[in-house]
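*Asks:* The structure is given below, and queries will be raised subsequently.
None of the figures in this text is laboratory data; all of them are computed from the coordinates on show. Only a predicted model underlies this, so the values are computations on that prediction, with no experimental measurement involved. A quick note on method: Cβ atoms are made from the backbone with ideal geometry, for glycine too, and the neighbour counts reach across all protein chains shown.
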Amino acid sequence: MKIAVVPGDGIGKEVMPAALSVLDAFGLGIEKVNLEIGYGKWERTGSAIMDDDIALIRECDCVLFGAITTPPDPNYKSVLVRLRKELDLYANIRPFKPLKNVNLPCSGNFDFIIVRENTEGMYSGVEELHEDAAYTTRIVTRKGSERIAERACSLAKKRKGHMTIVHKANVLKSDSFFRDVCTGVAKKNNVSFNEMLVDAMAYDMILHPGKYDVLLTTNLFGDILSDEAAAIAGGLGLCPSANIGDKYALFEPIHGSAPDIAGKGIANPIAAILSVKMMLEWAGKTEEAMSIDKAVDSVLTKHFTTPDLGGGYSTQDVGEAIARLV
Ligand code: NAD
């Protein structure tokens, strides 16, 4: 197996070594191609990602990604959006469940997955910036909606056979289209479903997270709801994700480069380490994936944590402790 390793910016550079120490502990002989991509590279060279980087990534089986800074500058194009589109990583899979000893802001047991369409919607990249107005075109296609709905159905079938389709079809024609395509795919697959308007979903997710299992939604709504879900699950430092296409995949924590804590060595590496777990699961290395889960449980049980969870250990300390236990 050959993987592209992209630490990125800020805490991406700190959580990646911790994640790699866990991966290396298995001695799987995985070949790594290290790539510099992100805002730091843009500042240094004027280009955040080059065509050569994409070509090297295409030669790998998948990407392990840290986090990148994306400044709110209309001249700067998001690297991740480009990668997701160019590699056609259309399914963003984000699991959320409580981990051992993590204080949760809401009560109740829960275990749900957000399945976010990852290549179109508000992030289609069709935009115009004028003197007095700006336009962003929200593109929702039949192909894009069908394939993400199929992905959600196949996950639902492996779980409880039910999914929740989250949209704003009462206002947006593009979402009414998304809803119609997704309900059709659910019926074809014999997957039961209910529907939630995204605003009501944001509210009910906090009150009753245990009601949900597979949530299927569009790009921007999935982006926002997953940060909310991370808060419910105890913090951004705990939540991994997989960006999956038919040919390639990219695994990354859902958090960003966290400039407020970058350089202090205190970022929680668990989200990045659980992203390694998702990568190993995707590669069919189920035993190794399970052992990461157990090792994470074990360090949390011992309260061996970074400051976001109340502990006093560093990113590296926690990474090494998990690596020793796998
Ligand atoms: P963020 O996710 O970087 O941070 C939000 C908050 O969560 C911060 O207070 C941060 O300290 C905390 N946090 C995040 N990860 C943590 C961890 N591992 N351990 C402990 N605390 C953690 O979001 P932001 O501050 O809005 O964005 C910072 C930059 O990251 C922006 O440039 C944004 O565009 C970018 N971003 C990138 C990604 C990505 O690479 N996938 C995702 C989101 C944001």
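*Asks:* List M50, M279 from most exposed to least, where exposure is judged by having the fewest other Cβ atoms within 10 Å.
*Replies:* So the ranking, lowest neighbour count to highest, is M50, M279.
*Asks:* Here is a further query. Using 7 Å Cα-to-Cβ label points, what is the E131/N190 separation (nm, one decimal)?
*Replies:* 6.3
*Asks:* Now for a different question. Please list, ordered by chain and number, the residues whose modelled amide H lies under 5 Å from the amide H of A249; skip anything fewer than 5 residues away on the same chain.
*Replies:* So A249 has HN proximity to V63.
*Asks:* Also, I was wondering about something else. Want the number for S78 to R44: 0.36 nm per residue separation, take away the alpha-carbon distance, what's left?
*Replies:* Result: 10.6 nm gained on full extension.
*Asks:* Further question on the same structure: I'd like the Karplus ³J(HN,Hα) series for the range 300-307: coefficients 6.51, -1.76, 1.60, θ = phi - 60°, whole numbers in Hz, and an x wherever there's a Gly or Pro.
*Replies:* 5, 4, 8, 6, 8, 9, 6, x
*Asks:* Give me the extension gain from K2 to N109: residue separation times 0.36 nm, minus the current Cα-Cα distance, reported in nm with one decimal.
*Replies:* On the way: separation 107, 0.36 × 107 = 38.52 nm, distance 3.74 nm.
Gain on extension, K2 to N109, equals 34.8 nm.
*Asks:* Remind me, what semi-axes does the range 98-145 give for its equivalent ellipsoid, largest first in whole Å, using sqrt of 5 times each Cα gyration tensor eigenvalue?
*Replies:* 37, 17, 8
*Asks:* Let me ask something else about it. Modelling each spin label as a point 7 Å along the Cα-to-Cβ direction, I'd like the F177/Y203 distance in nm, to one decimal.
*Replies:* Inter-label distance under the simple model: 2.9 nm.
*Asks:* How much length would be gained if the chain were fully extended between K264 and I224, taking 0.36 nm per residue of separation minus their Cα-Cα distance, in nm to one decimal?
*Replies:* Values: separation 40, 0.36 × 40 = 14.40 nm, distance 2.68 nm.
Gain on extension, K264 to I224, equals 11.7 nm.
*Asks:* Pairs of Cα atoms under 8 Å, at least six residues apart: use those to get the relative contact order of the chain, whole percent.
*Replies:* Details: 681 pairs, mean separation 77.4, N = 326.
Worked out over the chain, it gives 24 percent.
*Asks:* How would you order 127-134, 63-70, 83-90 from highest to lowest mean count of nearby Cβ atoms within 10 Å?
*Replies:* Averaged packing, sorted descending, gives the order 63-70, 83-90, 127-134.
*Asks:* Oh, and also: If packing is taken as the average count of other Cβ atoms within 10 Å, what order do 201-213, 15-27 fall into, highest mean first?
*Replies:* Numbers: 201-213: 16.6, 15-27: 21.6.
The packing order, highest mean first, is 15-27, 201-213.
*Asks:* For the residues F251, F304, what sequence is obtained by ranking on other C-beta atoms within 10 Å, fewest first?
*Replies:* With the fewest neighbours first, F251, F304 line up as F304, F251.
*Asks:* Strictly greater than 16 Å: what percent of every Cα pair in the range 8-123 meets that?
*Replies:* Result for the distance tail: 71 percent.
*Asks:* Hey, another quick one. Which one of I93, I11, I139 has the biggest mean-square fluctuation once the chain is modelled by GNM with Cα springs under 10 Å?
*Replies:* Ranking I93, I11, I139 by mean-square fluctuation puts I139 first.
*Asks:* When a footprinting reagent is the concern and you count Cβ atoms within 10 Å, what order do C106, C60, C239 take, fewest first?
*Replies:* Least crowded to most crowded, the residues run C106, C60, C239.
*Asks:* Additional query: How big is the gap, in Å, between the Cα center of the range 254-322 and the Cα center of the range 166-194?
*Replies:* 35
*Asks:* Karplus couplings for the range 67-81 from phi (6.51 cos²θ - 1.76 cosθ + 1.60, θ = phi - 60°), rounded to Hz, Gly and Pro as x?
*Replies:* Result, ordered by residue: 6, 10, 8, 10, x, x, 10, x, 8, 9, 9, 4, 5, 5, 4 Hz.
*Asks:* Out of the range 1-73, which GluC sites (Glu not before Pro) are coil in DSSP terms and have no more than 10 other C-beta atoms within 10 Å?
*Replies:* Counting only loop positions with at most 10 other Cβ atoms within 10 Å, the GluC sites (Glu not before Pro) in the range 1-73 are E59.
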